[in-house]
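Trainee: First the structure, which I've put down as structure tokens, then a few questions once you've had a look.
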Amino acid sequence: MDNSLRIENALRKLENIESLLKEIEANSRSSDAEVWHKDRAAIGGEKVNVGVRVNILTVGNVDNVKQEFTAEFFVIFSWKEPTLKGMQREDVVWEEHWDPRVLFANSVTIDSLLKKHYLIYEPNDEIPLVKMWMKVSGTFKENLELNDFPFDKQELTVKLMSDWPVDEMEFEKDMSIKDSIRTDTFTGDQEWELCKHVVSAPLYQPSELAGSHKTYPIYTISCHVKRKPGSSQSS
């Protein structure tokens, strides 16, 4: 066998291996839309701090029996992205770049999820800031505390998670703009009064409690409702 034939056979084997690896990756994804990205450590990058800001649009359907509630909200994630230095938004294929891989850990259903990306250059800084905007609507699980029924106050929480470990990524509160909640769109006002504040913060969970040798970022977004005097509904 001459050298040219050996080279041709070797290249064919490499193409087969590449095709097999792509097939394995595709079959391992939870959906066709999911894209895998190299971790920052693998490409010599630093840990990513992802800012989080939220605007709750509607809350409602607080179900005492199912221990569920519904919510619609905007959540904006922001992080510095050196790999996009010099690029403009219209040049970026977002599916091919790093993503915080956000999950809604206590969701029962996600009925709608819209996502947009923005690329912002701040004055005297050549490293752009990525803002990933999500509009989310869904039903979320909550362990309601009914010991004080019918004079109870409940915390309704949406729990965000990432499947990057905390040594590669962490959530942090975006302090540039205050979180907000609309009370005029509350749909549970026959039974509940919605408080006019949002409490959001990273949650640090030890790995032994997470059931894993690694710890993963968690961020909680909470609002509060108080049962109205005279209300005695149980569901």
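Trainee: Would you mind getting me the FRET efficiency between residue 64 and residue 114? Use the beta-carbon distance for r and R0 = 35 Å, nearest 0.05. Mind showing how you got there, number by number?
Mentor: On the way: r = 31 Å, r/R0 = 0.87.
Taking R0 as 35 Å, the efficiency between residue 64 and residue 114 is 0.70.
Trainee: Using the Karplus equation 6.51 cos²θ - 1.76 cosθ + 1.60 (θ = phi - 60°), what ³J(HN,Hα) coupling, rounded to whole Hz, does each residue of the stretch 92-98 give in order, writing x for Gly and Pro?
Mentor: 8, 8, 4, 5, 9, 10, 4
Trainee: For the stretch 129-140, take each phi angle, set θ = phi - 60°, evaluate the Karplus expression 6.51 cos²θ - 1.76 cosθ + 1.60, and give the result in whole Hz per residue in order, putting x for glycine and proline.
Mentor: Once rounded to whole Hz, the list reads 9, 8, 10, 9, 9, 10, 10, 10, 9, x, 10, 10.
Trainee: Taking 8 Å as the Cα distance limit and 6 or more residues as the minimum spacing, I'd like the relative contact order of the stretch 60-175 as a percentage. Don't jump to the answer; show the numbers that get you there.
Mentor: Values: 180 pairs, mean separation 39.7, N = 116.
Taking the mean separation of contacting Cα pairs over the length of the stretch 60-175, I get 34 percent.
Trainee: If you don't mind, there's one more thing I want to ask. Quick one: which residues, 5 or more positions from residue 152 or on another chain, have an amide H under 5 Å from its amide H? H modelled 1.01 Å from N in the peptide plane, none for Pro or chain starts.
Mentor: Sorted by chain and number, the residues that satisfy this are 227.
Trainee: With all protein chains present, calculate the accessible area of residue 113 using a 1.4 Å probe and round the result to the nearest 10 Å².
Mentor: Probe radius 1.4 Å; accessible area of residue 113 about 80 Å².
Trainee: Of all accessible surface on the stretch 86-235 at a 1.4 Å probe, what whole percent is carbon and sulfur? All intermediate terms of the calculation are to be shown ahead of the outcome.
Mentor: Numbers: 4360 of 8850 Å².
Its accessible area is 49 percent carbon and sulfur atoms.
Trainee: Given Cα pairs under 8 Å that are at least 6 residues apart, what percent is the relative contact order of the stretch 110-201? Numbers along the way, then the final one.
Mentor: Details: 70 pairs, mean separation 16.7, N = 92.
Relative contact order of the stretch 110-201: 18 percent.
Trainee: As a test of reading the structure, rank 89, 227 by solvent-accessible area (1.4 Å probe, protein chains only), most first.
Mentor: On the way: 89 105, 227 15 Å².
From most exposed to least exposed: 89, 227.
Trainee: Mind checking the stretch 117-153 for GluC sites (Glu not before Pro) that DSSP puts in a loop (not H, G, I, E or B) and that have at most 14 other Cβ atoms within 10 Å? Walk me through the intermediate numbers first.
Mentor: Working: sites: 126, 142, 145; in loops: 126, 142, 145.
Within the stretch 117-153, the qualifying GluC sites (Glu not before Pro) (loop, at most 14 other Cβ atoms within 10 Å) are 126, 145.
Trainee: In addition: Here is the link list: 153/214; 47/135; 131/196; 131/228. Which ones come out longer than 31 Å on Cα distance? Kindly include the intermediate steps, with their values, before the conclusion.
Mentor: Numbers: 153/214 34 Å; 47/135 26 Å; 131/196 26 Å; 131/228 39 Å.
Result: 153/214; 131/228 exceed 31 Å.
The values are calculated or read from the model by the stated rules, or taken from the named source; none is laboratory data. On a predicted model such as this, the values are computed, not experimentally measured, just so you know. Note that we place each Cβ from the backbone using ideal geometry, even for glycine, and neighbour counts take in every protein chain shown. Side chains included, ligands, DNA and RNA excluded: accessible areas come from the protein's heavy atoms. Shrake-Rupley method; radii C 1.70, N 1.55, O 1.52, S 1.80 Å.
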